[in-house]
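Everything on this sheet refers to the single structure shown next.
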Amino acid sequence: MNVGTTCRAAIVRLSYTAMVMAVLACAGASAQRWEDVFGGACDEEGHGGVQQVTEGGYVAAGVTHSIDAGCVSTDIYVVRTNSNGTLAWARTYRMGHDNIAYDIQEVKTPAGATDGFVLTGTTWDPNPCGGVNQDLLVLRIDRCGNPIWARSIDDGFGGYEIGYDIVVASNTDYIIAGTAHAGSDGFLVRINATGALQWAKTYDGTRHGRDYFYAVDEASNGDIIAAGGTNSTPSGTYDAWIVRTSSTGTFIAAPHNAVAYGGTTSDEDLRSVQKITQGTKAGDIIAVGKSDFAHPGHPEVLLVETGSDPCTNQVASEYGDNGNNPDEGYCVREITPFTGTGASRVIVTGYLTPPMTLTHGVQDVFLKEFTTGTLAQVAVPAGRIYGSAQVDVGWSVSQTTALTPCTTDGFIVAGYGHGTVADPKQLYMIKTNTALSDNCNDVTYNAISTTPSFSPECRLPIVTDVGASCAPDITTSCPTWASQICYTADGTLACSIPDCGSCGAAKPNVGSGIGNEIVDVNETTILPYPSPVAPGSNLTVEYVAPADGTVEIVLSDMNGNVVYRHSSNESAGINHATISTEGWATGAYMIRITAGGHAYSRGVMVLGK
């Protein structure tokens, strides 16, 4: 993996003892496991596409309700962190009235460096195209979150259009899957790297029911694979749906390349799809979603694997408690590299409910590995759950790789979570090691797998060429909401987050312009402790000043009210500030340190004893 070239190492003056302590801290924290939440006073959710960025750190996207008073409007929300979860920048975007992002993907330069990100979702009326309903949205931003262009796409038939998943094609085009015609048709759209529409097509089942795509991937030969659900079946129930087309969205002649499968009295759909690239099952298609085949009205996680033609070599497995409590899968990703001689592995996230969560919470995020070909559960590492005593959901998962001596590979997960009953939803990011440990909960579980006897129905749907595109205006803001968090079963916060300190190689200077300052991702580290801190007690903030000079420390609550401000001249290197929290209300606060012309931010929680 290439590391960005615009790097700058922090200049830190350390005594011999401090240097030894820093090295020991790095060695002890090499797993880089953490849990953070991001968001304001209202609800936030993380959706698809969380991933490690080529130049280091992570990115996730979703929606926020916290920009306007009353928690009414929705705006796209993008969070960029460094490798240990420290917030680099967070931005919101608005086009039209309301906006949501459902997926984000990194865009790279021809040399393989980070060139920003592309998102898909939806924008509501009054939309920039002059319609009265919501349109599919594609937004391109640079590596610092600055908008480059946006396109909204309408199917021309009225109703609404939504983009749920986006993939960067091998020729640098963007392929988007979603729904059109008020959710009645699957929708595939292809645009080029400058936002110009190449084609847009709707896909309707032969019985003209409700058909939709939640996920898309590009096959190795440039074909397009889309997955979702359809009720265009004789029973009228919803069935899982996979469609394979050419790069232009047209069907491949033989034999069918479109399949619906599920029980005659049960509902199924698929939320994520990927081609298998390794091992004996390379070329297969794997997808995850939900099915209530065994218990109508109470779904289980559904895994489906087909041959390169969706109508061949089906194997399906339901995974959960095999009871009357809902469990769903939202994302599946192949684990690379594969060095064996047999089938490769995939990792799945979503949510589980009691008794699967061992009374840990109402719903909890899960991670579990499976073997391709058989969809058998992988025993080691054991499946794990993450979350509070409230509702927590994993929307997307991605594999991570080591970039510096202070990081190891593992997995990054994004979704939404709650700290306590009173907390709003917030964008929830979890970093684990290869054993799926997050250094917080480490709760393992055993699930039940069954093999449903689906009857696939293979037939070609109806395709209609559609598409109009325009460029909506974009307004942005730069919220800096972040909180360190480790959930426990009673909803309280516990355990500190391992920190990489000042050791390691030079790290990229990735930032977001705020006035004349640059908020750096990895230039320095802010470490507050204890975290959480009890009201009225002292909070210690450890930080690294990049050079001798004035340092300003500002703490503010999530409404922007400043509760502490202090400026002083400090020497380069590790410094400490002791701050009294007397009179502070419980909740999340933001620490902002300005030093050497740069600003660094970190969240901290104030909670009762």
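The values are calculated or read from the model by the stated rules, or taken from the named source; none is laboratory data. All values reported here derive from a predicted model rather than from experimental measurement. Cβ coordinates were reconstructed from backbone atoms using ideal geometry, including for glycine residues, and neighbour counts include every protein chain displayed.
See the values below:
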item	result
Residue, surrounded by the most Cβ atoms within 10 Å (Cβ to Cβ), within the range 81-104, restricted to residues that are polar (S, T, N, Q) and in contact with an Asp or Glu (Cβ under 9 Å, 6 or more places away or on another chain)	99
Within the range 313-340, tally of residues that are part of a loop (DSSP other than H, G, I, E, B) and touching a residue at least 24 places away in the same chain (Cβ under 8 Å)	14
Test set (1) acidic (Asp, Glu); (2) surrounded by fewer than 16 Cβ atoms within 10 Å (Cβ to Cβ); (3) touching a Leu at 6+ places or on another chain (Cβ under 7 Å) - residue 142 fails condition number	(3)
The one condition in (1) in contact with a Gly (Cβ under 7 Å, 6 or more places away or on another chain); (2) over 15 Å from residue 475 (Cα atoms); (3) surrounded by 24 or more Cβ atoms within 10 Å (Cβ to Cβ) that residue 114 fails to fulfil	(3)
Of all residues making up the range 360-375, the number that are at pLDDT 95 or above, of a type in the set (A, V, I, L, M, F, W, C) and over 16 Å from residue 435 (Cα atoms)	1
Among the candidates 139, 119, residue that is at pLDDT 85 or above, part of a strand (DSSP E or B) and under 22 Å from residue 185 (Cα atoms)	119
Scope the range 436-452; condition of a type outside the set (D, E, K, R), within 22 Å of residue 327 (Cβ to Cβ) and outside any strand (DSSP E or B); matching residues	436, 437, 440, 441, 446, 447, 451, 452
Some residue of the range 411-428 being at pLDDT below 90 and among the aliphatic types (A, V, I, L, M)	yes
Residue within the range 312-321 that is within 23 Å of the chain's Cα centre (by Cα) and either over 20 Å from residue 425 (Cα atoms) or modelled with pLDDT of 95 or more (or both) present	yes
